[in-house]
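Notes follow the structure.
Rule-based calculations on the coordinates, nothing more; no lab input. Not measured: the values here are computed from a predicted model. Note: ideal-geometry Cβ built from the backbone for every residue, glycine included; neighbour counts use all protein chains shown.
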Amino acid sequence: MRGMANRIPREEHTGRRNDWQTIRALLPYMWPQDRLDLRARVIIAMVLLVAAKGVTVTVPVILKHAVDALSALSTPTVALGLAAVPVGLLLAYGAARIIALAFKELQVALFANVTHHAIRRVALQTFEHLHKLSLRFHLERQTGGLSRAIERGSGGIEFLLRMLLFNIVPTIIEIAMVGVLLWTLLSPAFAMATLGTIGAYVVWTVALTNWRTRFRREMNDSDSVAHTKAIDSLLNYETVKYFGNEDHEAKRFDTGLAGYESAAIKSKTSLALLNTGQGAIIAVGVTIVMIMAGRGVANGTLTVGDFVLVNTYLLQLYLPLNFLGSAYREIKHALTDMEDMFKLLDANEEVQDGPDAPPLYVQGGEVKFENVTFAYDPRRPVLKDVSFTVPSGKSVAIVGASGAGKSTISRLLFRFYDIGGGTISIDGQDIRTVQQSTLRDAIGIVPQDTVLFNDTIFYNIAYGRPDATPTEIEEAAKLAKIHDFILGLPDGYQTIVGERGLKLSGGEKQRVAIARTILKAPQILLFDEATSALDTHTEKEIQASLREVASGRTSLVIAHRLSTVVDSDEILVLDQGEVMERGAHAQLLEQGRLYATMWQRQQEATEALETLERTGEQPERHATPARPRDPQDLEPARKPDRDTVEGAGDAAEVAE
């Protein structure tokens, strides 16, 4: 797929969402249609929010009257009996603050369920959607970057809701209430001066924060690049060690970190300009309003209580408003983080079920390819008018050079891609018209490259049928000739296989994969180089087991080693995307064409290897394969032949 990214449209929108689009995408999760209890919590929390702010804005009014009452007590004409009035007001002041705090905390407690349910639903839906996207999407994306996008997006949702519902919205409500009270209790000038200061503060904050957001995006991009490289390197730990490329990997990781460092420095330094402007606006606003209040007290139009009232409102507003500046910055960062996750949800499914797609009903399991054409890139066809039938209960093998399109056939049968032309059917049902889940339930595969979960051997075998009993799992392991090996391990079936199964050898992993497929018990079996990682002795044992398992089932075998397909009912020879020969093993040998030449070369390689083993000699270094026990690996040392030498196909074929 080299260079393909420039030619095939990606399954995601490349444009940036705006902030309102991101917030609108979140709103349905905050008002779940299937959870009446959560919707009730949202309503009650909003009522508590307004009530809390209503009580909060009355606190300075109570304090004003208490101050005025205390000021009156200092005059000799006031009766001593009035001394009880300030005490009552001060008690009311304390009670109001407690009530406001109780309302706020109750709101937080009620809304916690809504917040975390929304985070869970978004993360789960994103995870499920990623599994629905085509293989093409995942081949073009890096897993580390996807993981970071979900992680940052989930954190961004929690922060956004906390800031909006418990800081931004309450502050806006409080500002509106204070503006009304200042207008009615004092004069419009006080309200206009206060609101004007707040408006200038908000405009400055929004403008500067929007300018600085690009640095956050650069930080996110660099962070994803750095962590993707780190994960990629750690997953390929052995390869790094084989080639001694620790320094090379460190430099690649550091390149990503350097990009993050540069963007982070720009973000932090530009923060100084933002904070300076915010501080200046607040200082000027406070000074103007306090001078106005002081003049009112001096000329007798305002009382000392009014001066305290104005000062209290200013402190009550500007303290959260000062926090509002940093909150807005963090909200913009959270929106940027959420944007990346919601873009994953925007990615279109290349392969989709029809609106009324029926389930696949398998009776005999006949598989038919009729005039199938397919290309990963329209300019380079991979399969050209391929037709064959695997009758119910029979086995058909597909052989050919690397790049001929063998593994592409298996991916098309599983409908990882939709074909460009022709039809693929099972028992007469076009696989494009049935539910993908039922299609894949009917097929079991042992792939060439077996990747296991970082869990126990028991879990990895049980993955074929999670509800299987331990006895059934052990029976599957016995058929795959791995049960005795597992019992010989210190932890038996509870042995952890490591990342991608790296604690097991290639042959052991392959046998686990075979046991997993046996446990699934599908009607159709697909073996894609199923014994490629096994030695000759183990291969013969497992071939016998596979024949037993495949008995009565439809089997499609993709093979490189011809000795594994000699018993197939029919063998197809694929070359450059076309079926060049077909027939039983003996018939193809009699024809003396491509298959016969391939067979002869592999037989010669096998005989040469057996001779070397008998004499105790080693092959020449330039001809030594990675696994010398496998006779097919000796072939590259022979004279190349485009049509017959295994591995001479087009290296750009992603399926091979």
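Within the straight-line cut-off of under 21 Å between alpha carbons, the lysines reachable from LYS53 are LYS64, LYS104, sequence neighbours fewer than 8 places apart in one chain being disregarded.
Given a Förster radius of 51 Å and the C-beta distance between ARG121 and ILE98 as r, what FRET efficiency does 1/(1 + (r/R0)^6) yield to the nearest 0.05?
Details: r = 36 Å, r/R0 = 0.70.
The value I calculate is 0.90.
Full-extension gain between ASP37 and THR597, please, as 0.36 nm times their residue separation minus the C-alpha to C-alpha distance. Intermediate values should be presented prior to the final figure.
Numbers: separation 560, 0.36 × 560 = 201.60 nm, distance 7.22 nm.
Length difference between fully extended and current span is 194.4 nm.
Under the simplified labelling scheme, the VAL451-VAL50 pair shows an inter-label distance of 5.3 nm, with each label point 7 Å from Cα along Cα→Cβ. In whole Å, how far is the Cα centre of segment 428-446 from that of segment 244-289? Centre-to-centre (Cα) distance: 52 Å.
Using per-residue counts of other Cβ atoms within 10 Å, averaged over each peptide, order 169-181, 228-240, 568-580 from highest down. Intermediate results must be reported in sequence, preceding the final value.
Working: 169-181: 17.6, 228-240: 15.3, 568-580: 20.4.
Highest mean packing first, the order is 568-580, 169-181, 228-240.
Using Stokes-Einstein with the Kirkwood hydrodynamic radius over Cα pairs, what translational diffusion coefficient do you get for segment 200-298 at 4 °C and a viscosity of 1.567 mPa s, in µm²/s rounded to a whole number? Intermediate values should be presented prior to the final figure.
Values: Rh = 17.0 Å.
Rounded to a whole number, D works out at 76 µm²/s.
The simple Förster model, with R0 at 56 Å and r as the Cβ-Cβ distance, assigns ALA283 and GLN352 a FRET efficiency of 0.40. In terms of its C-alpha gyration tensor, segment 219-374 has an oblate overall shape, because the principal axis ratio a/c (a ≥ b ≥ c, square roots of the eigenvalues) is not below 1.5 and a/b does not outweigh b/c. Net charge within 11 Å of ALA264 by Cβ-Cβ distance, Lys/Arg positive one each and Asp/Glu negative one each, not counting ALA264 itself? Value of the local net charge: 0. The modelled label-to-label distance for the pair LEU489/LEU589, using points 7 Å beyond Cα in the direction of Cβ, is 4.0 nm.
By the rule of a C-alpha distance below 29 Å, with chain neighbours fewer than 8 residues away ignored, the lysines paired with LYS268 are LYS229, LYS251, LYS332, LYS343.
Residue ranges 110-116, 219-225, 374-380 sort as 219-225, 110-116, 374-380 when ordered by packing (mean number of other C-beta atoms within 10 Å per residue, highest first).
With semi-axes defined as the square roots of five times the eigenvalues of the C-alpha gyration tensor, the equivalent ellipsoid of segment 395-480 measures 29, 17, 12 Å, largest first. Computing FRET efficiency as 1/(1 + (r/R0)^6) for THR611 and GLU475, where r is the C-beta to C-beta distance and R0 is 35 Å, gives about 0.30. Beyond 11 Å, what percent of the Cα pairs of segment 375-417 remain? Roughly 74 percent, once rounded to a whole number.
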